[in-house]
Structures are given as C-alpha cells and as structure tokens.
Amino acid sequence: MDFNEIYHLLFETYAGIGILVGAGIVISLVVCVLLEIKTRKVYRNHELDPEQDEWAIFEDEVEEGEAEEEAKLEKAESRKAGKKKEA
C-alpha cells in the first residue's frame, strides 16, 4: 500500500472517514482519562462543597484516598500524643 491508497481510503471513502472519527474519539477519551487521573493526584486533599451534588468518574479512588488521608492523620495524632506523654 502506498501513500495514495492510504490517503484515498482515509479521506475519500465513508469507511475511512469513520475510521478517522473513531480514532479521534478514542484518542480524546484516553487523553481525558489520563488528565483526570493526574488532576486527582494533584488535588487529592481538595475538599468538595457538601452542598454541591457532583459525580466522579473514579468515585472509588476518591473514597480510598479519603480513607488513606484519615489513617495518616490518625497516625500523626497518635504520635503527637505519644510524644506529649513522654515529655
């Protein structure tokens, strides 16, 4: 297959245009998911307003992150309490 045949397939047939549209949608979804994951990592401690009814793509990860943060806070508080008792 040379370049002219590929060009004809992609830009001059209905199937080729469908391939281009489908590839664009798939690429966009992959980029969106990657950016959403990166944003969740950056704003892990960001508290949501309880009045807002928002949905999350990765709701399980949000709940797991909150549980991890609570566990870290409890550990830090217990260490502080242990140091105060020693002093």
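The values are calculated or read from the model by the stated rules, or taken from the named source; none is laboratory data. Everything numeric in this text was worked out from a predicted model, so none of it was measured. No Cβ is skipped: glycine too gets one built from the backbone with ideal geometry, and neighbour counts run over all protein chains shown. In case anyone asks, the SASA skips ligands and DNA or RNA and just uses the protein heavy atoms, side chains included. Shrake-Rupley method; radii C 1.70, N 1.55, O 1.52, S 1.80 Å.
Across segment 41-59, not a single residue is classified as modelled with pLDDT of 90 or more, exposed (fewer than 10 other Cβ atoms within 10 Å of the Cβ) and not hydroxyl-bearing (Ser, Thr, Tyr). A single entry from VAL62, VAL33 fulfils the requirement of being part of a helix (DSSP H, G or I), surrounded by 11 or more Cβ atoms within 10 Å (Cβ to Cβ), of a type in the set (A, V, I, L, M, F, W, C) and modelled with pLDDT under 80: VAL62. For the structure I just gave you, tell me whether LYS38 is modelled with pLDDT of 80 or more and either part of a loop (DSSP other than H, G, I, E, B) or open to solvent by 90 Å² or more (accessible area, probe 1.4 Å) (or both). Yes.
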